[in-house]
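Novice: Quick one: the structure is below, questions incoming.
The values are calculated or read from the model by the stated rules, or taken from the named source; none is laboratory data. Because the structure is a prediction, the values reported are computed rather than measured. Virtual Cβ from ideal backbone geometry, glycine too; neighbours counted across all protein chains shown.
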Amino acid sequence: MAVVAVWKCDRDGAMFDNKKDAEEHDKMLELAANITALIERNIEGVSEEASEEIGLMLAKRREVLAKACKGKPEELLAAEETSEQSGSESDNSGENVTPLAANQ
């Protein structure tokens, strides 16, 4: 029986086959949680579910959002158009997630 090293993200239980990807995923989730808290504190009437979805969406697109804040606002829409044309979301955070069977 082989031993396979995996890294588990504390925040959502996602498993990764390398530490770098696990840490990157954890940082993205931490950013999403902080954005969610900011939204909930500053926008009245937004549901917890909606603020969590917004926080996660912004955290997943942090690179494009940073470009937009640095003077390239068209990057936000260009990124959305690209993901729509390819037929997949720009969420690639689960690419390196390793599924684990319950009875291995």
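Novice: Is it the case, given these coordinates, that Ala37 is among the small types (Gly, Ala, Ser) and touching a residue at least 40 places away in the same chain (Cβ under 8 Å)?
Specialist: Working: among the small types (Gly, Ala, Ser): yes; touching a residue at least 40 places away in the same chain (Cβ under 8 Å): no.
So Ala37 fails the test.
Novice: Run down Glu40, Glu24, Glu30, Glu52 and say which single residue is over 19 Å from Glu63 (Cβ atoms), of a type outside the set (Val, Ile, Thr), under 12 Å from the mean Cα position of the chain (by Cα) and surrounded by 12 or more Cβ atoms within 10 Å (Cβ to Cβ).
Specialist: Numbers: Glu40 fails: under 12 Å from the mean Cα position of the chain (by Cα); Glu24 fails: over 19 Å from Glu63 (Cβ atoms); Glu30 fails: over 19 Å from Glu63 (Cβ atoms).
Exactly one residue qualifies, and that residue is Glu52.
Novice: Here's a check for you: in the range 1-19, which residue that is part of a strand (DSSP E or B) and within 20 Å of Ala33 (Cα to Cα) is modelled with the lowest pLDDT?
Specialist: Lys8
This table checks each residue for (1) exposed (fewer than 14 other Cβ atoms within 10 Å of the Cβ); (2) at pLDDT 95 or above; (3) among the aliphatic types (A, V, I, L, M).
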position: Ile35; (1), (2), (3): no, yes, yes
position: Arg61; (1), (2), (3): no, no, no
position: Ala66; (1), (2), (3): yes, no, yes
position: Cys69; (1), (2), (3): yes, no, no
position: Lys72; (1), (2), (3): yes, no, no
